[in-house]
Amino acid sequence: MPTPDFPAFLDRSLAVLRSEAPAHHAELAVLLGARGLCCEVDGRSVALCFDGARHALRPPDRREAVSLCTDRRTILDLVDGELTLLDALLEERLWLAGSADAVTRFDEALTCYLDGAIRCPSLPPLLEEFRRAGLEVTLLPAAEAHR
Amino acid sequence: MSVQPRVLDPAALGSLVLQADHWRRSPASVGGPAGHKEWSHFCVFGEDLDLLINLSLMDGFGGIETPRLTLLMRESGGEWSGDVDTYVASELEIDEGGVDLCMGPNTLRFRNGAYELDVRLARRSIRARLRLELASRPALTTSVPLSDGAGMRWFVVPRLVASGTVAREGRRTQLDRAPAYHDHDWGSFGWGGDFSWEWGIALAEGAVPWTLVFQRISDRGRLRTLSQGVLLWRGDRHLRTLHGPELSVRCEGRTSAAGALRVPRIMSLVSPGRAADLPRRIVVEARRGADALHVALELGDLAQIAIPNDVARGATIVSEVRSSATVEGVVRGEPVRFEGPALVELNRADA
């Protein structure tokens, strides 16, 4: 199985959301719309946008309403309650760029995504896969050293 | 007169447990309405640590029955640890109409008049292996109204004695006949509905093993009480229930939830708010005829369990508060006076 990087995790989690929490997926489509969001995680960028009710991932083209930059460790620390969103921003572990309206809308979209995600029975295994892949990535340099 | 906790005739009580403490399961699985909630709840008060173990089956979004283990541990210094693990339906095994359950690697069994629990967290180093022997007679309550016609029933074994081991982070603690409590609750309702509750148990440490349960269910704004009661056991026998207008309840002060453990941990991101209407002290005055009880519950440190609401966005926050109880009064002509550890649970929807 390929290592689930952030774009793969995001794509699969949105598919789960559409299937198991469709009202949240529909609201997310309205909040993010066609301009969408650019996510850069561990140096890899992807744009999330909606065409009507359907989500799509594509290469960013700088037209996204909001840009987010972070890393897998910060995402997992947020998920594990080790870090608050505010602290992530203040400690510059998470960057957000966009107009005030767009950032406010992103906050609503994130809340909607999370509120739906916690109601999806299929999401915990997906998150665990994302977490384990992070451990593999972290361990790789040490494994390389033993060769 | 000293009344030692004793282990009752396992065969006689075992049949009562098997008749009443079985898993009801959601009717949604056979085409019935969704909304079923059910949990089997154990609290253990050890010398060095307390445990709260809750195995639940709840209809989630779309009526999908979701198995969960909640395991909270409190060290004697007041530090809480634990988590909530969610399982998928294929990891759940329940004998039809039985008490026994397997949920992933976790098991609950009822054998020879005792509950046997073996539970561990997937991502935290906590494992409890316990045998809980009945030290009181079980009781089955009538339906407790919540709101909008919804109701909940519960089966209770107010006092047990728990023995076994708790392993965490490389340390092992042996429990030897520690006082414990068990209930099993079930009903059809939606989290986030128009209800809230205060519930507490107190187990006496003195010569007479008194056990007290307090419950009050209110509307969400806590402006209207739907039901309230105090149940008192002396040793293994139920002595008195005082309820409804026989009780006067007042809450004093405020307990802060700032910095408290909230599980599952992702809920700190989803529902980060810490403002909460949690009292510092709950005082219950209960009276019927010559029977009178004064109950004071002093609330201390706490952990919170966050449950996604069914009827709205947001979450219901259930605060589990380690407390101490002081109970005084006269019931059936006998003086009642004891102090002991207590656990108070406060249910508040946050949105």
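The conditions of being surrounded by 16 or more Cβ atoms within 10 Å (Cβ to Cβ), closer than 30 Å to B:Asp85 by Cα and among the small types (Gly, Ala, Ser) are not met by A:Ala65.
Cβ-Cβ contacts under 6 Å between residues 6 or more apart (or on different chains), taken from a first residue in region B:339-351 that is touching a residue at least 24 places away in the same chain (Cβ under 8 Å) to a second residue that is crowded, with 22+ Cβ neighbours inside 10 Å and among the charged types (D, E, K, R), are listed as B:Glu345/B:Glu320; B:Leu346/B:Glu198. Here is the figure for region B:86-120: residues that are part of a strand (DSSP E or B) and in contact (Cβ under 8 Å) with a residue 60 or more places away in the chain total 9. Out of B:Ser56, B:Ser125, B:Ser76, B:Ser81, one residue alone is hydroxyl-bearing (Ser, Thr, Tyr) and under 19 Å from B:Ala162 (Cα atoms). It is B:Ser76. Selection of region B:257-291 for residues being away from every other protein chain (no Cβ under 12 Å), surrounded by 21 or more Cβ atoms within 10 Å (Cβ to Cβ) and outside any loop (DSSP other than H, G, I, E, B) yields B:Ile282, B:Val284, B:Ala286.
Yes/no matrix, rows are residues, columns are (1) touching a residue at least 24 places away in the same chain (Cβ under 8 Å); (2) over 30 Å from B:Val311 (Cα atoms); (3) part of a strand (DSSP E or B):
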{"residue": "B:Thr165", "(1), (2), (3)": "yes, yes, yes"}
{"residue": "B:Asp176", "(1), (2), (3)": "no, yes, yes"}
{"residue": "B:His184", "(1), (2), (3)": "yes, no, yes"}
{"residue": "B:Ile201", "(1), (2), (3)": "yes, no, yes"}
{"residue": "B:Ala207", "(1), (2), (3)": "yes, yes, no"}
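Against the test of being over 27 Å from B:Arg124 (Cα atoms), of a type in the set (S, T, N, Q) and either under 17 Å from the mean Cα position of the chain (by Cα) or more than 9 Å from chain A (Cβ to nearest Cβ) (or both), the options B:Ser319, B:Ser324 yield a single qualifying residue, B:Ser324. Taking the listed residues B:Leu346, B:Leu239, the one that is surrounded by 19 or more Cβ atoms within 10 Å (Cβ to Cβ), more than 12 Å from chain A (Cβ to nearest Cβ) and assigned to a strand (DSSP E or B) is B:Leu346, with no other qualifying. When B:Arg123 is tested against (1) within 14 Å of chain A (Cβ to nearest Cβ); (2) of a type outside the set (Val, Ile, Thr); (3) in contact (Cβ under 8 Å) with a residue 60 or more places away in the chain, only condition (3) is not met. For region B:283-314, the set of residues classified as hydrophobic (A, V, I, L, M, F, W, C) and free of Cβ contacts under 8 Å to residues at least 60 places away in the same chain consists of B:Val283, B:Ala286, B:Ala290, B:Ala292, B:Ala296, B:Leu299, B:Ala306, listed by residue number. Mind counting the residues in region A:25-42 that are at pLDDT below 95 and either touching a helix residue (DSSP H, G or I) at 6+ places or on another chain (Cβ under 6 Å) or closer than 13 Å to A:Tyr113 by Cα (or both)? Total meeting the criteria: 1. Against the conditions (1) touching a Ser or Thr at 6+ places or on another chain (Cβ under 6 Å); (2) aliphatic (A, V, I, L, M); (3) away from chain B (no Cβ under 13 Å), A:Ala29 satisfies every one except (1). Checking each residue in region B:70-84 for being in a strand (DSSP E or B) and touching a residue at least 40 places away in the same chain (Cβ under 8 Å) picks out B:Thr70, B:Leu71, B:Leu72, B:Met73, B:Arg74, B:Trp80, B:Ser81, B:Gly82, B:Asp83, B:Val84.
Scanning region A:55-104 for residues that are closer than 18 Å to A:Pro7 by Cα, in contact (Cβ under 8 Å) with a residue 24 or more places away in the chain, away from every other protein chain (no Cβ under 14 Å) and in a strand (DSSP E or B) returns A:His55, A:Leu57, A:Val66, A:Ser67, A:Leu68, A:Cys69, A:Trp95, A:Leu96.
Here are some residues: A:Leu48, A:Leu86. Which one is surrounded by 19 or more Cβ atoms within 10 Å (Cβ to Cβ) and of a type outside the set (Lys, Arg)? Going through A:Leu48, A:Leu86 in turn, just one is surrounded by 19 or more Cβ atoms within 10 Å (Cβ to Cβ) and of a type outside the set (Lys, Arg): A:Leu48.
The values are calculated or read from the model by the stated rules, or taken from the named source; none is laboratory data. All values derive from a computational prediction rather than experimental measurement. In this analysis, Cβ positions are derived from the backbone assuming ideal geometry, glycine residues included, and neighbour counts consider all displayed protein chains.
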